[in-house]
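Enquirer: Please read through the structure below; I'll follow up with questions.
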Amino acid sequence: MDNLLDLSDRLYLDVLDFAHSTPHWFQWLAEVWTELGLLLFGALFLAGWWRSRTGSSQAMTLALLAPLATAFGYVVSEGLKSLIDEERPCRAVAGAPAALIDCPAYGDWSFPSNHSAIAGAAAVALALSWRGIVWLTVPMAILMAFSRVFVGVHYPHDVTAGLLLGGLVAFLLMRAARRPMTALVDTARSSRSAAVVWCAGRGPATPAHASTRSGRRARARHGAY
């Protein structure tokens with residue numbers, strides 16, 4: 001275990017040395033991304049909900065569960081962080097270059113990385129609810145995790161644990177809550193409240209010509225008797 005922590009210390013120093021060797025504009029991008037990435041995940045949640053309003057109840061269920069699973073991933077990460085009082089590397093690693101951003105206050109512990117847990121949970125949740133988007137969300141999550149080491153506020157093992165923890169929590173929650181949430185979506189879509197139906201979506205539209213053909217077949221069968 002000590003060898004792994006020593007390795008994490010060395011990787012932290014290597015990444016921070018690399019960060020200080022990059023142009024100022026690149027450092028600025030990393031500082032922006034470390035927070036902006038979370039907003040982009042939020043925008044993807046909204047886009048996923050909007051596109052699912054005309055989809056099946058299962059599709060809407062997964063779209064609604066995605067941000068909830070991500071929030072739960074953060075809660076689990078924060079709970080674990082309060083139990084493991086690991087000091088931030090920007091204070092604990094002797095001889096380390098200055099972090100690119102302000103070192104978080106004492107008591108804001110380092111393990112696991114909440115940003116990485118949120119990113120890992122969001123990447124998995126969105127991948128489960130939006131087919132094909134995994135090629136976007138996973139690189140986003142990895143870049144988010146790396147940026148936390150790059151700016152100097154987390155060890156590599158902090159962000160690795162955060163990614164894995166968030167992803168696992170999101171996967172388990174979406175599997176466990178899928179059936180009851182689908183029943184809730186079905187109920188909402190049959191509600192008499194226009195606002196509730198608008199939020200849950202009306203589901204797939206039935207083409208008018210299909211309805212017409214069904215009606216004709218029904219009348220034909222009725223006339224045959």
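The values are calculated or read from the model by the stated rules, or taken from the named source; none is laboratory data. Keep in mind that this is a model prediction, so the values were computed, not measured. Virtual Cβ from ideal backbone geometry, glycine too; neighbours counted across all protein chains shown. Side chains are part of the model used for accessible areas, which takes the heavy atoms of the whole protein and leaves out ligands, DNA and RNA. Shrake-Rupley method; radii C 1.70, N 1.55, O 1.52, S 1.80 Å.
Enquirer: Binning at 10 angstrom from zero up to the longest distance, how are the C-alpha pair distances of the range 1-116 distributed in percent?
Expert: Reading upward from the zero bin: 11, 30, 31, 18, 9, 1.
Enquirer: Let me ask you something else. Measure out, as a whole number of angstrom, how far apart the alpha-carbon centroids of the range 99-119 and the range 152-171 sit.
Expert: 11
Enquirer: Still on this structure, please answer the following. If you filter the range 100-140 for chymotrypsin sites (Phe, Trp or Tyr not before Pro), then keep DSSP loop positions with at most 10 other Cβ within 10 Å, what is left?
Expert: Passing sites in the range 100-140 are Tyr106.
Enquirer: Just the Cα atoms of the range 40-105, one point each, no solvent: what log10 I(q)/I(0) does Debye give at q = 0.16, 0.18 Å⁻¹?
Expert: -0.72, -0.78
Enquirer: Grab the Cα-Cα distance for Asp85 and Ala43, subtract it from 0.36 nm times how many residues apart they are, and report the gain in nm with one decimal.
Expert: Full extension from Asp85 to Ala43 adds 11.8 nm.
Enquirer: Another question about this same structure. Magnitude of the Cβ-charge dipole of the range 88-217, K/R +1 and D/E -1, about the Cα centre, nearest 20 debye?
Expert: That gives a dipole near 1060 debye.
Enquirer: Still on this structure, I have one more. Quick check on the chain: helices-only [θ] at 222 nm, where DSSP H runs of length 4 and up contribute -39,500 (n - 2.57) each and the sum goes over total residues. Nearest 500, please.
Expert: After summing the helix terms and dividing by the residues of the chain, the value is -26000 deg cm²/dmol.
Enquirer: Name the cysteines of the chain that stand alone by the Cβ rule: no other cysteine Cβ under 4.7 angstrom.
Expert: Cys199
Enquirer: Does the range 31-74 classify as rounded, prolate or oblate by the C-alpha gyration tensor (a ≥ b ≥ c root eigenvalues; a/c under 1.5 gives rounded; else a/b over b/c gives prolate, otherwise oblate)?
Expert: oblate
Enquirer: In addition: Would you please give the FRET efficiency between Asp102 and Ala71, computed as 1/(1 + (r/R0)^6) with r the Cβ-Cβ distance and R0 = 22 Å, to the nearest 0.05?
Expert: The computed FRET efficiency comes out at 0.30.
Enquirer: Here's another thing I want to ask about it. Ranking request for peptides 45-54, 149-158: highest mean number of other beta-carbon atoms within 10 Å first, then the rest in descending order.
Expert: So the peptides 45-54, 149-158, ranked by packing, come out 149-158, 45-54.
Enquirer: Continuing with the same structure: Bin all alpha-carbon pair distances of the chain at 10 Å intervals from 0 and give each bin's fraction as a whole percent.
Expert: P(r) over the chain, rounded to whole percents: 8, 27, 26, 17, 11, 6, 3, 2, 1, 0.
Enquirer: Let me ask something additional. Might you tell me the accessible area per residue for the chain, computed with a 1.4 Å probe and given in Å²?
Expert: 57
Enquirer: With the Cα gyration tensor of the range 64-151 giving a ≥ b ≥ c as the square roots of its eigenvalues, does the rule (a/c under 1.5 for rounded; else a/b larger than b/c for prolate; else oblate) give rounded, prolate or oblate?
Expert: In terms of gyration-tensor shape, oblate.
Enquirer: Now for a different question. In degrees from 0 to 90, rounded to the nearest 10, what is the angle of the helix 2-21 Cα long axis to the longest principal axis of the chain?
Expert: Between the helix axis and the principal axis of the chain, the angle is about 90 degrees.
Enquirer: State log₁₀ I(q)/I(0) for the range 131-178 at q = 0.13, 0.23, 0.31 Å⁻¹ as given by the Debye formula over alpha-carbon point scatterers of equal weight, solvent excluded.
Expert: -0.37, -0.87, -1.08
Enquirer: Where the accessible area of the range 23-126 is counted over protein heavy atoms with a 1.4 Å probe, how much of it, in %, is carbon and sulfur?
Expert: Heavy-atom surface of the range 23-126 belonging to carbon and sulfur, 1.4 Å probe: 70 percent.
Enquirer: Relative contact order, percent, of the range 78-189 when contacts are C-alpha pairs under 8 Å separated by at least 6 residues?
Expert: With pairs under 8 Å counted, the relative contact order is 31 percent.
Enquirer: Just the number, please: Stokes-Einstein D of the range 1-66 in µm²/s, Kirkwood Rh from C-alpha pairs, 37 °C, 0.692 mPa s.
Expert: 215
Enquirer: I've got another one for you. When Rg is the radius of gyration of the Cα atoms in the range 101-157 and Rh is its Kirkwood radius, what does Rg/Rh come to?
Expert: 1.07
Enquirer: Evaluate the relative contact order of the chain (contact order divided by residue number), counting alpha-carbon pairs under 8 angstrom at least 6 apart; express in whole percent.
Expert: It rounds to 28 percent for the chain.
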